[in-house]
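Working notes, beginning with the structure itself.
Read-outs throughout are calculated quantities, based only on the coordinates presented, and are distinct from any laboratory measurement. Everything numeric here is computed off the predicted structure, so don't read it as measured data. Backbone-built Cβ (ideal geometry, glycine too); neighbour counts: all protein chains shown.
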Amino acid sequence: MKVDIKKFCILTLALALTAFGNSTFAQHDDHAQHEHAEGHDEHNQNEEHGGGYDPVATVMHHIADANEFHVWKDVHIPLPVMLYAPEQGWTTGLSSMFEHGHTAVDGYVLNHGRINRVADPSFPTGEVHVGHIDHKVETTEDGKEKDVYYVNYENESYKLDAPSTLDGGMMGGGITSFYDFSITKNVFTMLLAALLLIFIFNAVARGYKKNEGKAPSGIQSFFEVFFVFMRDEVTKPMIGEKHYERFQPFVMTLFFFILFCNLMGLIPFFPGSANVTGNIAVTLVLAVFTFIVVNLNGKKDYWQHVFWMPGIPGWVKIILTPVEILGLFIRPFSLMIRLFANISAGHIIILSLIGLIFLFGDNGANTGGAAAGAVVGGLFTAFMNLIELLVAALQAFVFAILSASYIGAAVEEHHHDEAHAH
Amino acid sequence: MGPIGAGLAALGAGIGIGLIGSKAMEAIARQPEAAGDIRSNMILVAALVEGAALFAIVVGLLG
């Protein structure tokens, strides 16, 4: 066994050494250029980065939402688009009408998979062929650097607006000249996860009707493990014997929805590949659900503990009440950030490891380097994917158990003669 | 400065979660029959520590 590992190390080292020394085999053929950035069309990539490989841009493009599924090279799966601009009303269709950025429809252009809009009224409506898209980094009035894109049309360059977001400029977005209500990759994957959940859990429910009093069968046996675990380890101890049944469906729905979205995000091709739970808007909505459920079910004791904590001196209450009120909002906020950051970080690590192939391979110029990158990156990617499988289940579980513990704190009835640590 | 802060936050969370893990292992070694309870509490507390670190990382990388 020892010898095997040694041999393996020497082989890997030799491979890496020959690979790096091998730039004489430099290839500039079109094929390598095509393959280097799975998600970009080579057209945009070359214009923007002068043919070089920009790992950060590629990673950010892959974790972002998109209006079409990119399969490979020029193969895309179009998705329906629904766009609204106050001046010109609704524009609907399939994202294939943009021809991956080569055609503008009513001023809308596909930029790196996302729909952008030319707000300039002098830009022609209807379908027109447009040139390449330029990327510039501009500094805004408050000193922040912002990516701005320009589209070329008949030797003029027009500024592109990104879709509106409701973050109030906090995440670099804000209300722009149009709204994007399309079924994007993320929306599609969420709908698919919801449909899968409905289909699977109806089958399981039918199983419980059919096998009443008998052993479970089929898919029911697989999911019963999860149900029993969620009931006995999560809702019962966290919410308490008295109330747990009321909240069981909510906690289970959170768990399974997040789990399915996480797992689908790990599939690198068509039905998956969307970074749903790594999108802060999705996790925000999930956290808001928890916030609403917790606070609508807050008992008298819960609100008393927030506004006027019993059993402590008056002057401490004055300090503690603002902290508790802040805590009401910090708890769902941390749920949102935790899920978003964990899943995004996992995707970024995997994409960075894959990016090693293009970095070592000098963007297609060095085949040996690319091979070494493929060996190193590939092994680490396989390892990271296994860790991500764990993280997918763990984060769904953590979201569910924390939601359950917040609900438990809200519905709990205290006995005030007891000393309690809140 | 942002990336340095993010790295420091990861360092702090690493120490914190390491301590949780080590204490949980000790506890399981002392009382193997309570392993299930200890494990789920360990994950819960680790998630809370991690939440604080992720705040710092997100703020560090955005700001």
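Numerical summary
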{"quantity": "Efficiency of FRET from Cβ geometry, B:Leu61 and B:Asp37, R₀ 41 Å, rounded to 0.05", "calculated": "0.70"}
{"quantity": "Stokes-Einstein D in µm²/s, Kirkwood radius over Cα pairs - the protein assembly as shown at 20 °C with 1.002 mPa s viscosity", "calculated": "83"}
{"quantity": "Centre separation in Å (Cα based) which lies between the range A:181-207 and the range B:41-63", "calculated": "30"}
{"quantity": "Length added when fully stretched, A:Glu212-A:Asp74, from 0.36 nm per residue minus Cα-Cα", "calculated": "44.4 nm"}
{"quantity": "At R0 = 25 Å, FRET efficiency that the Cβ-Cβ distance of A:Met82 and A:Leu296 yields, to 0.05", "calculated": "0.20"}
{"quantity": "Check: the range A:210-263 dipole with +1 on Lys, Arg Cβ and -1 on Asp, Glu Cβ, in debye", "calculated": "100"}
{"quantity": "Folded to 0 to 90 degrees: helix B:2-30 orientation relative to chain B principal axis, Cα", "calculated": "0"}
{"quantity": "Two-site label geometry, A:Glu154 and A:Phe333: point separation in nm, points 7 Å out along Cα→Cβ", "calculated": "5.0"}
{"quantity": "Inter-label distance, nm, simple model (7 Å from Cα along the C-beta direction), B:Glu26/A:Leu326", "calculated": "3.2"}
{"quantity": "Charge dipole (the protein assembly as shown, unit charges on Cβ, about Cα centre) - positive-most of A:Tyr179, A:Leu386, A:Gly89", "calculated": "A:Leu386"}
{"quantity": "Inter-part distance where the range A:238-253 and the range A:365-392 are each reduced to a Cα centre, Å", "calculated": "41"}
{"quantity": "Electrostatic dipole magnitude of the protein assembly as shown [Cβ: Lys, Arg +1; Asp, Glu -1; Cα centre; debye, to 20]", "calculated": "2120"}
{"quantity": "Given charges at beta-carbon only (K, R positive; D, E negative), |dipole| of the range A:68-222 in Debye", "calculated": "1340"}
{"quantity": "Sorted by Cβ density within 10 Å, fewest first, the residues A:Arg338, A:Arg246", "calculated": "A:Arg246, A:Arg338"}
{"quantity": "Label zone at A:Asp147, where the point sits 7 Å out along the Cα-to-Cβ direction: the range A:258-285 residues whose backbone N lies under 16 Å", "calculated": "A:275, A:279-280"}
{"quantity": "Amide H contacts of A:Gly93 (H built 1.01 Å from N, under 5 Å, at least 5 apart or other chain)", "calculated": "A:Val81"}
{"quantity": "Selected from A:Asn116, A:His100, A:His135, residue furthest toward positive end of dipole (the range A:96-142; charges at beta carbon)", "calculated": "A:His100"}
{"quantity": "Efficiency of FRET from Cβ geometry, B:Leu19 and A:Leu379, R₀ 35 Å, rounded to 0.05", "calculated": "0.70"}
